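To start, the structure under review is shown below, and the notes come after it.
The values are calculated or read from the model by the stated rules, or taken from the named source; none is laboratory data. Small disclaimer: the values here were computed from a predicted structure and weren't measured. In this analysis, Cβ positions are derived from the backbone assuming ideal geometry, glycine residues included, and neighbour counts consider all displayed protein chains. For the accessible areas, the whole protein counts, side chains as well, though only heavy atoms, and no ligand, DNA or RNA atoms are used. Shrake-Rupley method; radii C 1.70, N 1.55, O 1.52, S 1.80 Å.
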Amino acid sequence: MSALEAAIQNKQMVLLGDPGSGKTTFINHLALCLAAHRLEPQSDWLARLSIWPDTEADLIPVLVTLRDFAQWSRTCDTTAEPCHLWNFIVNRLEAQNLKSVAAPLERVLEEGRVIVLLDGLDEIPDKARSAFVREAIRAFAKRYPETRLIVTCRVLSYQHEGYKLNEFPYLELAAFDEDMISRFIKAWYTELVHLGTLKTDQAETLKRGLEDSMRRPDIRELASNPLLITVMALVNTHKGRLPDARAKLYEEAVDILLWRWDQNKAIGGEKSLPRLSELLWEAGRTDADLRRVLWHLAFLAQETGGAKKGDSRADIQEWHLQKALAELHPTKSLDWSQLMIDAIKLRSGLLLEREPGVYSFPHRTFQEYLAASHLSIQTDFAKKAAGLAGEGALWRDVILLAAGRLFYVNGELEKSIVLLSELSPKELKDEDVSWYKAWLAGDIILEIGVNRVEQMEMGVELRDRIRGRLVQILSLGRLAARERVSAGDTLAKLGDPRFRTDAWYLPDEPLLGFVEIPNEVFLPAYYIARYPVTMAQYEMFVEDGGYSQDRYWKEAEKAEVWRSGKIKETRETDFRERPHNYGVPFNLPNHPIVGVTWYEALAYCRWLTEQLQNWTATPKLIAKRIQEEQWEIRLPTEAEWEKAARGPQGRIYPWGDQADPNLANSYDAGIGSTSAVGCFPCDGRPYGCMDLAGNISEWCLNSPSGDESRVLRGGAFNENLRTAYRNRLNPVSRGYNFGFRVVLAPLWFRYGNTVGLRKAVFGRGVFKR
C-alpha cells in the first residue's frame, strides 16, 4: 500500500524507513497539504492527498521534532505523562508568539480533529531520554485515542526495545522500484526545464545519462533510496556523470551544495554579501579549511546525540558555529565569522537555518558523511571507530562512510584493514556488541570492495574470519531478528561459505544438505533438503542451459499451458528479470528462489538428479541411491513435507505448539521479504530442517484432489506459520513469496500414499491441526 493509505487505515502508527527513505518528507508533505487546505479551502492542496477522506479534511497538523522534545523534557524528572508532550507543544507556540492558539488547539485535540506527527524517534540515542519520550508518546496516545498520530523512526533503531511502541502497528517505507526510479528521473529533469535551469535538449541528454547509469548494479541498488537518487540527480545535473562509490557521491554532492550554490547565487546578481571564497581568501584560508570546520561541527552534532554532554540535539547553535568559524581568521574576528554565517545562510545548501539561531544539515545522512570525514582523518582512526561501533546504530553509517571515504577519496586502504581487525579480533566474546561489530565489519568490506580487501594478505584472512562470524550469527541466532537478516544479506554479498562453489552451491555438508527423515509404516525413509533451493543454486541450472533441455520439461509439454506458449516462450529471459522486479532483497544468492512455477521447480529437480548421477564426487550414499536403487531428486509430496515439518511429535509449529514471531521470518517479525536461508535457527526443530515455517511457501509434488492445481505448504514471510497451513494454485502461478525445496526419495513413491499416512497419524491423534 502507499504510505498515505497506511496513514488513513491506521489511526495511530509508527512509520519506519531506512535513512533517506522519505519518512520526514512524507509527514511534512502531509502536514503542508492539510494546513494549506485549512488556510485555502478552495485551493487544490487536498487533491494532492488524493485518497484522504473528506470527513477528515479539516484535521489540524501538529508537527513535533522529537529531538527538540527530548531536549526540552530534560527538566521533567517525573514519570512521563500526557501533559509533557502537550506542554512542549504549548511551549513551541509561545516561542512563536502564538500563545492564544493553545486553547482552541486543545479543544480540537479533545474532539479528535488533530493529527500529531512525531518525527525522529531514533534521533534520541540517550537511552534514558528515549525511554521517557517513548512513554510520553504512549501516555499521550492513550489520553487522546481519537487523535491521529504518526511516529517516524529508522528501521534498525526500532529493533531495540528502548524505542518500540508495541501497541502501535508499524509499517515500513518500501524502496523505490524500477518504475519509481524512472518516474523520479523524468520528473527531476522536467522540473529543471520548467524552472529554466536547463534547456530541453540539455535535460534530455542528462536524463539519458542518468538512466544509463542505472544499469550498473551498484548504482541501481543505491537508487532505490529516495535521498540517494536525489543526490545522484544533483551530481549528474552539475557534473554530467556519476562517481563509482557512495562516498564519492556524497563528496561531490557536498562540493555542489557548498560551492556551486554559492556560484549560482553570485551569477544571479546578488552582490550585497561577499561570496564564501572571497571571505576565505581575505582570511588567508581555502575551502579545505572550511570543510574541516564543518566536518568537526558535524562530528560534534553526531556525538552530542549521546549522553556525554547532556544535550540530545543533533543541531548546531549559531554561537558555536560563529566561534568555530572565527578560529579560521587571523584575529579570531567574530564580525568576519558572522559574515561567513550570513553567506552560508543565503548562498549554501549545505547548512540550513532550521529556526533562528539553530542550524542543521539538509539531511541527517549529510551530517553523517561530514562526521565520517572528520573521523577518517583521526590518527587513531581504527581504535576510535571501533569504540564508536560499540555505541550501536548511531555511528554505523558514519563508520561505513568513513571507511569508504578513506579509499575512494583519499586512496587509503590500510586504515580500514586495521579497523576490520579491531572489529573482528581472533578471540571473540559471545555478546551482542561483538556480533554487531562483526556484522559491521562485513559491511565495511562491501563498502570498500571485496576485491580490494583481498589484495592484502591480511585482508584475505580477515574476510574469511568475518564470513565465519556472520555464519555464526545466523546459525546461533545472535542479534535481533532484523539485524540477523541484514547480516545474512551481507554474507550473501561476501560469499556464503555454507555452500560449495564446486557443487552447484549445495550446502557444504557430507550429504550436500540432505537430511534423513526416518522410516515409518506408511512413509518410506527419504532425505529432504535442509534449506529451500536458493537463488545461487537455481542460477546454476539456468547457466547450464536447463531451460533449453526439453527432457527436463516433460510434464510441462503435456500440459495445455505449455502448448499455449505461456512458459516456453518466457523460459530463461523471464526468469532473469523476475527477482529484480520483486526488489533487491529477493535476488541475493543465499535467499530462496522465488517466482518459479511448479514446472520450473520440477525441471530443476530433473537437472539436479542428472548432475548428481554423473558427478564423480557425489557422496557415496546419494550416488548409490540414484544409480543403483532408482531414487531421484524431486519435489516433496505433501506427506513428506508435513512429516519433516511436524516431526514425530506432530507439532503445530516446527519448534513446538506455541507461536513465536522470533523463530521465523514471519509477518510479525517485520522483515517484509525473503531472508537468507537458515536465519532463524532453533535447536528444537525436527530433523534440523530450516525455514519450514516462514520465509517462503513451497511447491509440493502432488495435487490436492486430482485436478490441475498443485499444493503449496508452509507459511511465507507474510502468511500463517502453522505447519498445517496449505494453499493450492495453478502450476503456472508465480509469486514473490513462494519457491520450493527438494527431496531425495524412491522413484516409485513419487505420488505416495498420502491418504494412508494421514489416516494412520490422525487416527492415532498424533497431529494437531
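Judged by the ratio a/c of the largest to the smallest principal axis of the C-alpha gyration tensor, the range 132-269 counts as prolate, that ratio being 1.5 or greater while a/b is larger than b/c. The radius of gyration of the Cα set in the chain, together with its Dmax, comes out at 29.3, 94 angstrom. The amide H of Thr534, built 1.01 Å from its N in the peptide plane, has Ile593 as neighbours under 5 Å, considering only residues 5 or more places off or on other chains. In the chain, the portion of solvent-accessible area held by carbon and sulfur atoms comes to 50 percent [1.4 Å probe, whole percent, DNA, RNA and ligands not counted]. Across the alpha-carbon set of the range 360-438, the Rg to Rh ratio works out to 0.99, Rh being the Kirkwood radius. In the range 173-213, the ratio of gyration radius to Kirkwood radius, Rg to Rh, stands at 1.04 when only Cα atoms are counted. Loop-located trypsin sites (Lys or Arg not before Pro) in the range 328-371 (DSSP state other than H, G, I, E, B) with a sparse environment of at most 12 neighbouring Cβ atoms within 10 Å: Lys332. Cross-link check: pairs Lys384/Lys437; Lys23/Lys239; Lys323/Lys384; Lys186/Lys493 evaluated at a Cα-Cα cut-off of 21 Å; pairs beyond the cut-off: Lys23/Lys239; Lys323/Lys384; Lys186/Lys493. Scanning the chain for GluC sites (Glu not before Pro) in DSSP loops with at most 16 neighbouring Cβ atoms within 10 Å leaves 1-110 as the longest stretch between them. For the range 671-748, the spherically averaged projection of the C-alpha convex hull amounts to 6.2 nm².
Backbone phi angles across the range 725-737, fed through the Karplus curve with coefficients 6.51, -1.76 and 1.60 (θ = phi - 60°), yield HN-Hα couplings of 5, 8, 9, 9, 9, 4, x, 9, 5, 9, x, 7, 10 Hz in residue order; Gly and Pro are listed as x. Need one number: nm distance between label points at Glu414 and Asp430, each 7 Å from Cα along Cα→Cβ, rounded to one decimal. Label at Glu414, label at Asp430, 3.8 nm between them. Distances between placed amide hydrogens fall under 5 Å for Ile60 paired with Val114, Ile115, all partners being 5 or more residues away or on another chain. Ranked from largest, the principal axis spans of the Cα set of the range 1-104 equal 43, 36, 23 Å. Note that the chain presents 43 Å² accessible area per residue, ligands and nucleic acids not counted, probe 1.4 Å. Kindly identify the range 477-549 as rounded, prolate or oblate by the Cα gyration tensor criterion: order the square roots of the eigenvalues as a ≥ b ≥ c, call it rounded if a/c is under 1.5, otherwise compare a/b with b/c, prolate if a/b is larger, else oblate. The shape class here is oblate. Taking the inverse of the mean 1/r over every pair of distinct Cα atoms in the range 321-378 gives a Kirkwood hydrodynamic radius of 12.5 Å.
About its Cα centre, the chain has a charge dipole of approximately 1080 debye under the convention of +1 per Lys or Arg Cβ and -1 per Asp or Glu Cβ, with nothing else charged. Taking only the Cα atoms of the range 344-406, the radius of gyration and Dmax are 13.6, 39 Å. Residue-normalised convex hull volume from the C-alpha trace of the range 42-181: 155 Å³ per residue. Shown in residue order for the range 507-513 are the 3J(HN,Hα) couplings computed by the Karplus curve 6.51 cos²θ - 1.76 cosθ + 1.60 at θ = phi - 60°: x, 7, 9, x, 10, 6, x Hz (x for Gly and Pro).
Here's how it looks for Phe499: its modeled amide H is under 5 Å from those of Asp508, which are all 5 or more places away or on a different chain.
Sparsely packed loop sites in the range 87-126 (the trypsin sites (Lys or Arg not before Pro) outside DSSP H, G, I, E and B with at most 16 other Cβ atoms within 10 Å) comprise Arg113. Think of the chain as having a plus end and a minus end, set by charges on the Cβ of Lys, Arg, Asp and Glu; of Pro145, His320, Asn730, Asn730 sits farthest toward the positive end of this dipole.
Measuring nothing but alpha carbons in the range 609-690 and taking Rh as the Kirkwood radius, the Rg to Rh ratio lands at 1.09. Taking the charge dipole of the chain about its Cα centre, with +1 at Lys and Arg Cβ atoms and -1 at Asp and Glu Cβ atoms, the residue from Ile473, Met232, Ile89 reaching farthest to the positive side is Ile473. Selection among Asn718, Gly647, Phe184 by position relative to the dipole of the chain gives Gly647 as farthest towards the positive end (Cβ unit charges, Cα centre). DSSP beta bridges confined to the chain are antiparallel in about 55 percent of cases. Distance between the modelled labels on Glu204 and Thr55, one decimal in nanometres: 5.0 nm (7 Å Cα→Cβ projection).
Coupling constants for the range 68-78 follow from the phi torsions by the Karplus curve (6.51 cos²θ - 1.76 cosθ + 1.60, θ = phi - 60°), and in residue order they are 5, 4, 4, 5, 4, 7, 4, 7, 8, 8, 8 Hz; glycine and proline get x.
Counting only protein heavy atoms and using a 1.4 Å probe, the accessible area of Met1 comes to about 140 Å².
Using just its DSSP H runs of length 4 or more, each adding -39500 (n - 2.57), the chain gives a mean residue ellipticity at 222 nm of -14500 deg cm²/dmol after division by all residues. Remark: C-alpha extents of the range 361-513 on the principal axes read 54, 33, 31 Å, sorted largest to smallest.
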